[in-house]
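First up is the structure itself, then whatever we jot down about it.
All of the numbers you see were taken from the coordinates with simple rules; none came from a lab. Remember, it's a predicted structure, so these values are computed and weren't measured experimentally. Here the Cβ positions follow ideal geometry from the backbone for every residue, glycine too, while neighbour counts run over all protein chains shown.
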Amino acid sequence: MTFLNSDQFNSAIWIMTALALVVFVVLFFVKAGYGIFRSKQWGLSIPNRVAWVLMEAPAFCIFVAMWFASDCGFSMPGAVFGMLFLLHYFQRSFIFPLLIKGKSRMPIAIMLMGMVFNTVNAVLLFHGFFIHAPQAYAQGAAFLYRPMTIIGIAVFFLGMGINLHSDHVIRHLRKPGDTRHYLPQKGMYKYVTSGNYFGEVLEWTGLAIASCSPAAWLFVWWTFANLAPRAVAINKQYRAEFGNTAVGRRKSIIPFLF
């Protein structure tokens, strides 16, 4: 397998950074047609469970394939950060879809865009953790004992916990056969209307703090650029459906701030 050289890696980081800004702006005007905003205007769709597997699995599979194809082995600290990335995507690719309730569908166009991003992201993160890792990784396992690494890993697991609990809350809003919308009230939803999104942003921020990798910080930016506009739209949708009094002072994605 051919890996990116340093110039290619750095160029890809800058290009993806700029592209995320475009996506961030566009998504304030165009609502991605899945979930609460599902629309037939997005064309053909497939069952949500299948779509989530096909969309998320490339991140897991490609990262693993690149790892096996390289001679990196379990070199520290990259191996730890790689395992954290794979932990999230194993759950998102192979467990989360099995937990989805109902018969919702996802447009194929949305799924394909997700597949492309997850592929590129997995490639860049593998390079960021192993091939073009920060010079500080020369410390080996000692890098893992840095206060910021420990804090970052703790933030990662806090974010993952919030994300998983928020997904659990959403799944149990409806009884079988019920198709109505409800305002989630538990856990992080007491503070934001998109608690699951906050958890995911926090999760990847923790990994970026821990790893010090530009590719990991790029992932944080992409996650926020993709989810923040949608979170704002969801907040507005809830206020239109349930009223400002019911939603109260809940922010969209970051408690007390945004």
Just for the Cα atoms in the range 56-115, what are the lengths along the principal axes, largest first, rounded to whole Å?
43, 22, 13
Cα Rg over Rh - the range 143-258, Kirkwood:
1.05
Can you compute the charge dipole magnitude of the chain about its Cα centre, using +1 on each Lys and Arg Cβ and -1 on each Asp and Glu Cβ, nothing else charged? Give it in debye, rounded to the nearest 20.
1420
Write down the Å³ per residue value for the convex hull defined by the alpha carbon atoms of the range 105-174.
101
Kirkwood Rh over alpha-carbon pairs of the chain plugged into Stokes-Einstein at 10 °C, 1.306 mPa s gives a D in µm²/s of 83
Output wanted: per-residue J couplings in Hz (rounded whole) for the range 140-148, from phi through Karplus 6.51 cos²θ - 1.76 cosθ + 1.60, θ = phi - 60°, x for Gly and Pro.
x, 4, 4, 4, 6, 9, 4, x, 5
Return a whole-number percent for the relative contact order of the chain, with Cα pairs under 8 Å and 6 or more residues apart as the contact set.
24
Excluding residues fewer than 8 places away in the same chain, name every one of the lysines whose C-alpha is closer than 18 Å to that of Lys101.
Lys175
Dimensions (Å) - the range 1-138, Cα atoms, principal axes, largest first
50, 32, 24
Are there any trypsin sites (Lys or Arg not before Pro) in the range 186-236 that are in a DSSP loop and have at most 14 other Cβ atoms within 10 Å? List them by number.
Lys186
Top positive-direction residue, dipole computed over the range 172-224 with Cβ charges, set Phe219, Gly187, Tyr197:
Gly187
Taking the Cα centroid of the range 102-130 and of the range 207-240, what is the distance between the two, rounded to the nearest whole Å?
15
